[in-house]
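The values are calculated or read from the model by the stated rules, or taken from the named source; none is laboratory data. Please read all numbers here as calculations on a predicted model, not as lab measurements. Ideal geometry is used to build each Cβ from the backbone, glycine not excepted, and the neighbour counts take in all protein chains shown. For accessibility, only protein heavy atoms count, side chains too; no ligands or nucleic acids. Shrake-Rupley method; radii C 1.70, N 1.55, O 1.52, S 1.80 Å.
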Amino acid sequence: MDDKFLKPYNSSATESRIYTAWEKSGLFNPDECVKRGFAKTDSPKYSIVLPPPNVTGRLHMGHALMLAVEDIFVRYKRMCGYRTLWTPGTDHAAIATQSVVEKQIKKEENKSRHDLGREELLKRIGVFANESHDTIVSQLKTMGASLDWSREAFTLDETRSRAVRTVFKRMYDAGLIYRGLRIVNWDPKGQTTISDDEIVYEERAAKLYTFRYSKDFPISIATTRPETKVGDVAVAVHPDDARYTAFVGKEYDAVFCDVPIHIKIVADKEVDPTFGTGAVGLTPAHSHVDWEIADRHLLSHEVIIINEYARMTVAGRLLDKKTTEAREVVIEWLKEEGLLEKTEDTVQNIATAERTSGIIEPLPKLQWWIEVNKPIPGRGKTLKELMLEPVRSGAIKIIPEYFEKTYFHWIENLRDWCISRQIWYGHRIPVWYRGEEISVGIEPAEAGWTQDEDTLDTWFSSGLWTFSTLGWPDDTDDFKNYHPTDLLETGYDILFFWVARMILMTEFTIGDIPFKTVYLHGMVRDAQGRKMSKSLGNNLDPLDITAKFGADAARMALVVGNTPGTDMRISEDKVKGYKHFSNKLWNIARFILENTVDTPQNHVGRTTSYMSDSDKKILSELDVLTKEITNDIDEYRIYLAAEKIYHYAWHELADKIIEESKPILAGSDVAAKESRAILLILLLTRVLKLLHPFMPFITEEIWQSMPTKDSEFLMVAPWPVVE
RNA sequence: GGGCGAUUAGCUCAGCUGGUAGAGCAACGAGUUUACACCUCGAAGGUCACAGGUUCGAGUCCUGUAUCGCCCACCA
């Protein structure tokens, strides 16, 4: 027996050594597995693409969970003999990364991006992104992720950029990408547009003011933003509201806080007659809803009164004031003029930017959009329909199933997707201008043309991830061999951001699904059930946890009992429990190896024919469990499979079988001894295999000390098949 | 306002297609027997939120109620 078993299991001394050995073997690469006979050329394939972590720093526990789950499926399938590919990569994460670096520069050098200029800022972000990348890669390895590093990708590298430009051009040519002046969510702090999904609503106390534009104006209106009223072009009332029908269609002029305004009274069923006065002042340029109502009544969109810095642009006393200051000025003016009728306290949901927490200012801007409701030429279906169909038909299965309802609900309410961003880090929009001419191309236009200044929403490139990582748009073997992928595993929080966009992009570009199954894990919370955050200081760092308890223990703690779609709580105590289990397993191996040394030379060769009926029965009980566990993994119940093998190893094998073996092994019945020794070796072998996907390091380490093994590495040893 | 989920042992949670409740942790009692104190053995702990219904039988299916949580929309 190996002397290493004389000491308690030491994860930190073992795990990095084992990972290096795996990497050196080349067996994370399916081509190598085929070459060495661990998979056949005609074996079925199994492919997963790693959801690319943002290069914004380091990984958190949510990533650790993701890696554990994906690695379990990958290792299981690899052992089952599939040509198994798990592709690694990272995401440039556009706005997230740029804002991290911008904050850093602001703090250290008190400079803005405009002080540095585009080129210099991109250089700095590049350096930061590289450092983050290296940190992330080493963290991925620490968790034991069996990724094929020879195929690593980055959303902003050359191949992926070409994929982005190619898809952009195809969508443009199909008439699905257009440039249009629309109200956007403008983030004055980040100085960029953001999508609807990047908005976070915050409840804040606010005041609702009721007033008239002027003394002779016939209708009172209510608003929380009086400063925007200088941009009003109309008052809308409900068509059935008897109080106001006499005024509908009339027009009035007024001077509101030094600003001349022209107001038309319109009737629109959007208006809630029970709210406020039942009449709403319309500011088309600074409100989504008002813009739409204005559209229906052919009202002007052009009265812009707030700029990109959230300052007023109207002449008079409001000029250049911040919107919040302007509000006070307007209230004062209303009071002086005797126009203010009522002030009430109310609670308002304020739209803020997820990344910068700046308050969103809706502004009309010329932006690039993807149209989701327009039939695609030659296919007759809209992008929306392309997103719905594969999930409806079952071609894509979402786990847990109830998220399919959420998915449908979201798609049905989907509006056009704004894909341009006024930031510099990302894929520059592949559009060039020369005077009135526009050119959209995969390669840069010739001299004399100027490229669009904006970049693409980061989800545009991640939407292509399943096929761009396989070398598309080139006609590669990888693309032919491994697409569509089998499993997409990610947190339910990005079902809309990402999963939906991948389906959209892949269905449009390839005419196929990107993946067959979507496995959604829940959020990882602290022991009290709170979200982990920097400000709360309750972050568990995966690196600390693995250093303390081992990656195997961390993986088990994240997986056991953690059903898909449900949030989970994690604490150091929980991980500690599985560190104890690591040591238990270690001692099981020690006992078995120590006590079977003198018995049959070649246990595998002699096998069950030398075993007693009662020992055979013990083996067949494990066969039943093997079947169950295999079935659980196949059905995505890894939270159960992990618990079952844990329970068997500790409470059956250790507590019962080993205990009752002690007198047998110490006794004088040679046949019984031999039978028992073979049994124990076979049970241990089986347990190591069943446990390997969950706890890869310790099982591999023990495997290396087994007297007989059917494969050089447990990682590629055949999964036990029970008839 | 619309949608989704949860409610099971002190705590965290399992319980797949209906067959008289399970795990881990905590707490309690005993123990140092040459695999392991990162251990062993033992005992304790639940009208499965509530009310109806379907069924020979319901934690599991149906209806309703209550409480909690999440997502979407965003009312000026």
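For the range A:132-148, residues that are among the polar types (S, T, N, Q) and assigned to a loop (DSSP other than H, G, I, E, B) total 1.
Quick check on this structure: which one of A:Thr20, A:Thr14 is of a type outside the set (Phe, Trp, Tyr) and in contact (Cβ under 8 Å) with a residue 12 or more places away in the chain? Don't jump to the end; show me each part of the working.
Details: A:Thr20 fails: in contact (Cβ under 8 Å) with a residue 12 or more places away in the chain.
After ruling out the rest, the residue left standing is A:Thr14.
Scanning the range A:123-138 turns up one or more residues that are within 20 Å of A:His427 (Cα to Cα), open to solvent by less than 30 Å² (accessible area, probe 1.4 Å) and of a type in the set (A, V, I, L, M).
Yes/no matrix, rows are residues, columns are (1) open to solvent by 60 Å² or more (accessible area, probe 1.4 Å); (2) more than 7 Å from RNA strand B (Cβ to nearest atom); (3) of a type in the set (Asp, Glu); (4) touching a strand residue (DSSP E or B) at 6+ places or on another chain (Cβ under 8 Å):
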site	(1), (2), (3), (4)
A:Ile618	no, yes, no, no
A:Glu621	yes, yes, yes, no
A:Leu625	no, yes, no, no
A:Ile633	no, yes, no, no
A:Ile638	no, yes, no, no
A:Glu643	yes, no, yes, no
A:His647	yes, no, no, no
A:Trp650	no, no, no, no
A:Ala654	no, no, no, no
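Of all residues in the range A:638-671, exactly one satisfies the criterion of being hydroxyl-bearing (Ser, Thr, Tyr) and not in a helix (DSSP H, G or I), namely A:Ser668.
Based on what the data block shows, is A:Ala39 in contact (Cβ under 8 Å) with a residue 40 or more places away in the chain, among the aliphatic types (A, V, I, L, M) and not in a helix (DSSP H, G or I)? Write out each step before concluding.
Numbers: in contact (Cβ under 8 Å) with a residue 40 or more places away in the chain: yes; among the aliphatic types (A, V, I, L, M): yes; not in a helix (DSSP H, G or I): yes.
Answer is yes for this residue.
Would it be correct to say that A:Tyr201 is crowded, with 18+ Cβ neighbours inside 10 Å and either more than 16 Å from RNA strand B (Cβ to nearest atom) or aromatic (Phe, Trp, Tyr) (or both)? No.
Taking the range A:237-287 as the search range and keeping residues that are under 20 Å from A:Gly338 (Cα atoms), out of contact with any strand residue (DSSP E or B) (no Cβ under 9 Å at 6 or more places or on another chain) and part of a loop (DSSP other than H, G, I, E, B), which one is least open to solvent (accessible area, probe 1.4 Å)? So, considering only residues that are under 20 Å from A:Gly338 (Cα atoms), out of contact with any strand residue (DSSP E or B) (no Cβ under 9 Å at 6 or more places or on another chain) and part of a loop (DSSP other than H, G, I, E, B), the one least open to solvent (accessible area, probe 1.4 Å) is A:Cys257.
Okay, residues lined up against (1) within 16 Å of RNA strand B (Cβ to nearest atom); (2) part of a loop (DSSP other than H, G, I, E, B); (3) surrounded by fewer than 22 Cβ atoms within 10 Å (Cβ to Cβ):
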residue: A:Thr166; (1), (2), (3): no, no, yes
residue: A:Lys169; (1), (2), (3): no, no, yes
residue: A:Lys189; (1), (2), (3): no, yes, yes
residue: A:Tyr209; (1), (2), (3): yes, no, no
residue: A:Pro218; (1), (2), (3): no, yes, yes
residue: A:Val235; (1), (2), (3): yes, no, no
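Could you please let me know if A:Phe549 is crowded, with 21+ Cβ neighbours inside 10 Å, under 30 Å from A:Arg379 (Cβ atoms), more than 8 Å from RNA strand B (Cβ to nearest atom) and of a type outside the set (Ser, Thr, Tyr)?
Values: crowded, with 21+ Cβ neighbours inside 10 Å: yes; under 30 Å from A:Arg379 (Cβ atoms): no; more than 8 Å from RNA strand B (Cβ to nearest atom): yes; of a type outside the set (Ser, Thr, Tyr): yes.
For A:Phe549, the condition - crowded, with 21+ Cβ neighbours inside 10 Å, under 30 Å from A:Arg379 (Cβ atoms), more than 8 Å from RNA strand B (Cβ to nearest atom) and of a type outside the set (Ser, Thr, Tyr) - is not met.
Would you mention how many residues in the range A:672-717 are open to solvent by 20 Å² or more (accessible area, probe 1.4 Å), within 16 Å of RNA strand B (Cβ to nearest atom) and part of a helix (DSSP H, G or I)?
Here the count works out to 1.
Just wondering, is there one or more residues in the range A:529-542 that are crowded, with 21+ Cβ neighbours inside 10 Å, on the phi > 0 side of the Ramachandran plot and within 11 Å of RNA strand B (Cβ to nearest atom)? Among the residues of the range A:529-542, not one is crowded, with 21+ Cβ neighbours inside 10 Å, on the phi > 0 side of the Ramachandran plot and within 11 Å of RNA strand B (Cβ to nearest atom), which makes the answer no.
Looking at (1) under 23 Å from A:Asp216 (Cβ atoms); (2) touching a residue at least 24 places away in the same chain (Cβ under 8 Å), can you tell me which one A:Arg327 breaks? Evaluating A:Arg327 over (1) under 23 Å from A:Asp216 (Cβ atoms); (2) touching a residue at least 24 places away in the same chain (Cβ under 8 Å) leaves (1) as the failure.
The rows are residues; the columns are (1) part of a loop (DSSP other than H, G, I, E, B); (2) open to solvent by 40 Å² or more (accessible area, probe 1.4 Å).
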| position | (1), (2) |
| --- | --- |
| A:Tyr425 | yes, no |
| A:Glu443 | yes, yes |
| A:Ala447 | yes, yes |
| A:Glu489 | no, no |
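Of all residues in the range A:288-306, those being open to solvent by 10 Å² or more (accessible area, probe 1.4 Å), more than 7 Å from RNA strand B (Cβ to nearest atom) and hydrophobic (A, V, I, L, M, F, W, C) number 5.
Restricted to the range A:657-668, and to residues that are without any contact (Cβ under 8 Å) to a residue 24 or more places away in the chain and near RNA strand B (Cβ under 7 Å from one of its atoms), which residue is farthest from A:Leu619 (Cα to Cα)? First the steps, then the outcome.
Step one: of the range A:657-668, the residues without any contact (Cβ under 8 Å) to a residue 24 or more places away in the chain are A:659-660, A:662-664, A:666-668.
Then drop every residue that is not near RNA strand B (Cβ under 7 Å from one of its atoms), which leaves A:659, A:662.
On the way: A:Glu659: 16, A:Lys662: 18 Å.
It comes out as A:Lys662.
Taken together, the criteria exclude A:Thr324 from residues that are assigned to a loop (DSSP other than H, G, I, E, B) and either at pLDDT 95 or above or not charged (D, E, K, R) (or both). Looking for something modelled with pLDDT under 95, within 16 Å of RNA strand B (Cβ to nearest atom), farther than 19 Å from A:Arg555 by Cβ and not basic (Lys, Arg) - is there at least one such residue anywhere in the range A:7-24? Scanning the range A:7-24 turns up at least one residue that is modelled with pLDDT under 95, within 16 Å of RNA strand B (Cβ to nearest atom), farther than 19 Å from A:Arg555 by Cβ and not basic (Lys, Arg).
Screening A:Asp573 with (1) touching a residue at least 60 places away in the same chain (Cβ under 8 Å); (2) within 11 Å of RNA strand B (Cβ to nearest atom); (3) surrounded by fewer than 21 Cβ atoms within 10 Å (Cβ to Cβ) gives one miss only, at (1).
Does A:Leu366 satisfy the criteria of being away from RNA strand B (no atom under 15 Å from the Cβ), of a type in the set (A, V, I, L, M, F, W, C) and at pLDDT below 95? Write out each step before concluding.
Details: away from RNA strand B (no atom under 15 Å from the Cβ): yes; of a type in the set (A, V, I, L, M, F, W, C): yes; at pLDDT below 95: yes.
When the stated conditions are applied, A:Leu366 passes them.
Would you pick out the residues in the range A:320-347 that are open to solvent by 50 Å² or more (accessible area, probe 1.4 Å) and touching an Asp or Glu at 6+ places or on another chain (Cβ under 9 Å)? A:Lys321, A:Thr324, A:Glu325, A:Arg327, A:Glu328, A:Val347, listed by residue number.
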